[in-house]
Amino acid sequence: MDLIGWFGAVAELEGALVEEGGGGRLSVLFPDHLQRRLQIGEMESFGMEERDSDVGRLLHDGNPLIANMGAILAEKGRFATVELPGKPPLLQGPEAFLERHFTAQNFIYRYQDQKIEAVRYLVVPFLVGAVSDMKTERIITIILNETTRTVPLGMENDLTAALPQALSSSAHSTAADPAPSGGAGATEALSLMKEMVHRQAMQLFPEFLRSSERRMLRDLERLQEYYGAIAREIQTGLKKRGDRDGEREKAAGRMEATRLEYEKKIDDVRDKYAVEIQAEPLGALRLWAAAVMLHIRMQRRKQVMQIKLPVNPLNGLLEAIPCASCQSPILNGFLCDGMHFLCPACHPNCPACRGQRRGNSI
C-alpha cells in the first residue's frame with residue numbers, strides 16, 4: 001500500500017469519508033475528533049505530486065500529518081477490551097477455602113454468601129527503568145481488578161494462555177469502549193498500579209542497585225583519600241612553619257574550605273548514583289470476566305465492614321487486597337482503628353490514618 005492509500009485507510013478506520021480522485025488524489029471529510037487531532041479542516045484534498053500542493057495538501061514521509069496519523073493507528077493496538085468466555089462453578093466448601101487462603105491477625109470475619117458476578121480487570125504492561133549514572137529496563141505486567149480493587153496474584157501467567165481465545169471471540173477497540181486511561185475510576189486505578197510498580201521495582205533490579213552502590217562507595221573512598229591527603233598537607237605545612245604570622249588561622253581557613261568542598265563533593269556523588277525509578281505504561285487491556293465473589297463480614301472491636309473478595313476465574317486463587325499504605329498485595333493482614341487493611345510492616349502505626357498516605361478502607 002502506498003503512502004496515500006495508507007493515509008486514506010487509516011482515515012476511514014477513524015470514521016472519515018474518503019473519495020478517490022484522479023491521479024491518486026484523495027478528498028476526505030473528517031469527523032470532529034480527527035479535525036482536532038490533526039488540526040485540519042472538515043473537507044481536505046490530498047495528493048502525492050508537487051502539483052497537488054496547489055489544490056490541497058501534499059503528503060510526504062516527513063509531513064506532520066503522516067506522523068500524527070501513524071500515532072493514531074498505533075493507539076488502536078494499545079487499548080482494547082475483551083471478554084473471557086464461560087462462567088466458573090460456585091465453590092464447594094467456601095468457608096474452608098477462606099480459612100486456607102485468608103488470615104485475619106487482629107479482627108474476625110465471617111463468610112456470608114457466594115455469587116457469580118461480572119468483574120473487570122485492567123491489564124497494563126509497564127516499561128520500568130532504574131536510572132542513576134547508568135540505566136536498565138524491564139517490562140512487567142500489573143493486573144488490577146477494577147471492580148473490587150483487588151490484585152489477582154499470578155494471573156498474568158494464566159492470561160497468556162487464555163488471551164488468544166478471548167481476543168479471537170470478543171476483542172474490540174476503544175471506539176466502542178472508552179479507553180482505560182479515561183475517567184476518574186480508571187485514573188485512580190492507574191495511579192494505584194504505578195505505586196505497585198514502584199514498590200516492585202526495587203526488587204526487580206538487585207544487581208543494578210548493588211552495582212550502583214559499589215560505584216558510589218568507590219567514588220566516596222577516592223574523595224576521602226583525596227581530601228584527607230589535602231588535610232594532611234595543611235597540617236604538615238603548619239608544623240613546618242610554626243605558629244607565626246597568623247599561620248594557624250590561615251591553616252584553619254584552608255581546612256574549613258577543604259571540609260566544605262569535601263561535603264559538597266559527597267553530595268554530588270550521592271546525587272549521581274541515586275536511583276530513580278521510571279514507569280511508563282505501554283498499553284492497556286480491559287478484561288471482562290465472570291468470577292465467584294465471596295461476600296464477607298469483617299469486624300474489629302465494634303466496627304463492622306462488608307467486603308467482597310473474588311476468586312480469580314483463571315487460576316482459582318483468592319485475590320489479594322492491597323495494603324492501604326504501601327500497596328503490597330496481601331491475604332494475611334491487620335485492620336487499624338480506621339479500618340484500613342495493612343500488611344505487617346505498616347501495622348500498627350497506620351500511615352493512612354496519620355495522613356501520610358491516601359489509603360482507603362477496603
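Tabulated data
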read-out: Output for segment 327-343, where each listed residue is open to solvent by 20 Å² or more (accessible area, probe 1.4 Å), touching a residue at least 24 places away in the same chain (Cβ under 8 Å) and within 20 Å of residue 198 (Cβ to Cβ); value: 328, 329
read-out: Subset of segment 278-307 (residues that are open to solvent by 30 Å² or more (accessible area, probe 1.4 Å) and part of a strand (DSSP E or B)); value: 278, 280, 281, 288, 295, 297, 299, 300, 303, 304, 306
read-out: Segment 308-325: number of residues that are touching a helix residue (DSSP H, G or I) at 6+ places or on another chain (Cβ under 6 Å) and either surrounded by fewer than 19 Cβ atoms within 10 Å (Cβ to Cβ) or over 16 Å from residue 94 (Cα atoms) (or both); value: 2
read-out: Tabulated pairs, segment 195-209, first touching a residue at least 12 places away in the same chain (Cβ under 8 Å), second open to solvent by 60 Å² or more (accessible area, probe 1.4 Å) and outside any helix (DSSP H, G or I), C-beta under 6 angstrom, 6+ apart or interchain; value: 204/138
read-out: Leading residue by the ranking (farthest from residue 274 (Cα to Cα)) among those in segment 210-235 that are basic (Lys, Arg) and either surrounded by 13 or more Cβ atoms within 10 Å (Cβ to Cβ) or more than 39 Å from the chain's Cα centre (by Cα) (or both); value: 232
read-out: When residues of segment 277-311 are limited to those that are touching a residue at least 12 places away in the same chain (Cβ under 8 Å) and among the β-branched types (Val, Ile, Thr), the one farthest from residue 340 (Cα to Cα); value: 277
read-out: Where a residue in segment 214-234 is touching a residue at least 24 places away in the same chain (Cβ under 8 Å) and in a helix (DSSP H, G or I) and its partner, wherever it lies, is open to solvent by 40 Å² or more (accessible area, probe 1.4 Å) and not hydrophobic (A, V, I, L, M, F, W, C), with Cβ under 6 Å and at least six apart; value: 223/265; 227/262; 234/254
read-out: Qualifying residue in segment 32-46 (condition: more than 23 Å from residue 156 (Cβ to Cβ), open to solvent by 40 Å² or more (accessible area, probe 1.4 Å), assigned to a strand (DSSP E or B) and at pLDDT below 90); value: yes
read-out: Cβ pairs under 9 Å, 6+ apart, first in segment 5-20 and touching a residue at least 24 places away in the same chain (Cβ under 8 Å) and open to solvent by less than 60 Å² (accessible area, probe 1.4 Å), second assigned to a helix (DSSP H, G or I) and among the β-branched types (Val, Ile, Thr); value: 7/66; 10/72; 14/72
read-out: Contacts under 8 angstrom Cβ, first residue in segment 123-150 being among the aromatic types (Phe, Trp, Tyr), partner in a strand (DSSP E or B) and surrounded by 20 or more Cβ atoms within 10 Å (Cβ to Cβ), 6 or more apart; value: 126/142
read-out: Enumeration of residues in segment 1-31 that are touching a Gly at 6+ places or on another chain (Cβ under 8 Å), part of a loop (DSSP other than H, G, I, E, B), modelled with pLDDT under 85 and under 18 Å from residue 67 (Cα atoms); value: 2
read-out: Criterion: within 26 Å of residue 324 (Cβ to Cβ), outside any strand (DSSP E or B) and modelled with pLDDT of 85 or more - qualifying residue of 202, 196; value: 196
read-out: Hey, residue 238 open to solvent by 20 Å² or more (accessible area, probe 1.4 Å) and either of a type outside the set (Phe, Trp, Tyr) or more than 23 Å from the chain's Cα centre (by Cα) (or both) or not; value: yes
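For every residue, the table says whether it meets (1) hydrophobic (A, V, I, L, M, F, W, C); (2) under 30 Å from residue 161 (Cβ atoms); (3) touching a Ser or Thr at 6+ places or on another chain (Cβ under 8 Å).
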{"position": "278", "(1), (2), (3)": "no, no, no"}
{"position": "315", "(1), (2), (3)": "no, yes, no"}
{"position": "324", "(1), (2), (3)": "yes, no, yes"}
{"position": "343", "(1), (2), (3)": "yes, no, yes"}
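Conditions (1) at positive phi; (2) modelled with pLDDT under 90, marked per residue:
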| site | (1), (2) |
| --- | --- |
| 219 | no, no |
| 223 | no, no |
| 231 | no, no |
| 242 | yes, yes |
| 252 | no, yes |
| 258 | no, no |
| 300 | no, no |
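The values are calculated or read from the model by the stated rules, or taken from the named source; none is laboratory data. Quick caveat, the model's predicted, so the values are computed rather than measured. Glycine also receives a Cβ, built like all others from the backbone with ideal geometry; neighbour counts cover every protein chain displayed. Surface areas here come from the heavy atoms of the whole protein model, side chains and all, with no ligands, DNA or RNA. Shrake-Rupley method; radii C 1.70, N 1.55, O 1.52, S 1.80 Å.
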